[in-house]
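Q: Below is a structure I'd like to ask you about.
The values are calculated or read from the model by the stated rules, or taken from the named source; none is laboratory data. Since the structure is predicted, the reported quantities are computational estimates derived from the model, not experimental observations. Cβ coordinates were reconstructed from backbone atoms using ideal geometry, including for glycine residues, and neighbour counts include every protein chain displayed. Keep in mind that these areas ignore ligands, DNA and RNA; they rest on the heavy atoms of the full protein, side chains included. Shrake-Rupley method; radii C 1.70, N 1.55, O 1.52, S 1.80 Å.
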Amino acid sequence: MESILAVKSKDESSLPPLMFVHGAWHGAWCWKPLMDYLAEKGFDSYALDLPGHGTRKSECVVGHGIMDYVAEVESVINKLNIVKPILIGHSMGGIIVQKFLEKNEAQSSVLIAPCPAMGGSLWLPIKYSLHQPIDAIMATLGNKTAISSQKMCRRLFFDNISSEELEAHFEMLCLESSKAIRQMVLPGFKLRASKITSIPVAVAAAGKDYFFEFERLQNWAEEYEYDFLPFPEAAHNLLSKPEKFGFGKAICKWLKKTITTN
């Protein structure tokens, strides 16, 4: 399946498969470094392209909401015939995973720099409008929105990245549905998620995250009794380099610990 990225461990794996769900403007491609890292630790991984993303860029994103993306995750897992995968979501993918888990089973879940269950703070669209006013209008009032410059790409997703890496990342980005953005951050539109109580959940937070504040994610994790994995020196796209900040090591350790204890 072209829209699904699969990375298998070298040896036959007895560990539960991982299913990765990307965030806004991205695609399955953004998971490849972490998938490769975890394959070396014995995990088989799958990542999907949501409609209009990644290898599906030619499809229209207009009108897609969070629940449309949830339905796509359900469809892919059924096509792959995966029973109780480990769900890993980043940013928008975090709220997609939470909504998926309201009615579907999984082994455990890791939410990386995620949109929390109660949605993003009102400060986010205000801050975004100060930095990128035209794009902010499109994100909140239009039907689709883009990351329109490398400068904004750096500001949103990274802290320290080379010009070459930034250019390559920027070229891979796609349009995003404004409906999905509104459902994450705007009062009156927010799609809230229920507390996950049936499986282990970890929240990985980046101290230099543009979108979802470190303390907000920490407080949410504590309130919901989720495990909290802090990366105070990292930016929003901390999954791009799993070797940095001990990120990949911490994710792998948590995954294997929960598999052992469940």
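Q: Please report the net charge: other residues with Cβ closer than 13 Å to the Cβ of Met138, K and R +1, D and E -1.
A: After counting each charged neighbour, the total is +1.
Q: Separation of region 128-143 and region 192-262 by C-alpha centroid, Å?
A: Answer, in whole Å: 28.
Q: When the chain is treated as a GNM, springs tying every alpha-carbon pair under 10 Å, which of Gly23, Gly52, Gly188 comes out with the largest mean-square fluctuation?
A: Fluctuation is largest for Gly188.
Q: Ok, one more. Give me the dipole magnitude in Debye, nearest 20, for region 50-194 about the Cα centre, with unit charges on the beta carbon: positive for Lys and Arg, negative for Asp and Glu.
A: Taking the Cα centre of region 50-194 as origin, the dipole is about 420 debye.
Q: Follow-up. Find the Rg to Rh ratio for the chain, where Rh is the Kirkwood radius over alpha-carbon pairs and Rg uses the same atoms.
A: 0.93
Q: Let me ask something else. If you count only protein heavy atoms with a 1.4 Å probe, what accessible area per residue comes out for the chain, rounded to a whole Å²?
A: Accessible area per residue, the chain: 44 Å².
Q: Just going by the charge dipole of region 186-262, with Lys and Arg at +1 and Asp and Glu at -1 on Cβ, which of Ala204, Gly248, Ala193 is farthest out on the positive end?
A: Gly248
Q: For Ile137, what accessible surface area do you get with a 1.4 Å probe? Give it in Å², rounded to 10.
A: That residue has around 100 Å² of solvent-accessible surface.
Q: Say the cut-off is 31 Å between C-alpha atoms; which of Lys190/Lys244; Lys57/Lys84; Lys57/Lys195; Lys99/Lys241 go over it?
A: Beyond 31 Å: Lys190/Lys244; Lys57/Lys195.
Q: Report, to the nearest whole %, how much of the accessible area of region 173-250 belongs to carbon and sulfur atoms, 1.4 Å probe, protein only.
A: 50 percent
Q: Still on this structure, please answer the following. What fraction of the Cα pairs in region 133-262, stated in percent, has a spacing above 21 angstrom?
A: Beyond 21 Å sits 53 percent of the P(r) for region 133-262.
Q: Mind putting a number on the dipole of the chain about its Cα centre? Charges go on the C-beta only, +1 for Lys and Arg and -1 for Asp and Glu, and I need it in Debye to the nearest 20.
A: Approximately 300 debye in magnitude.
Q: For the chain, give me the percentage of DSSP beta bridges that are antiparallel, rounded to the nearest 5 percent.
A: 20 percent
Q: Tell me which chymotrypsin sites (Phe, Trp or Tyr not before Pro) from region 138-211 have a DSSP coil assignment and no more than 10 other beta carbons within 10 Å of their own.
A: none
Q: Okay, moving on. Protein chains only, probe 1.4 Å: how do Thr197, Thr145 rank by accessible area, largest first?
A: Thr197, Thr145
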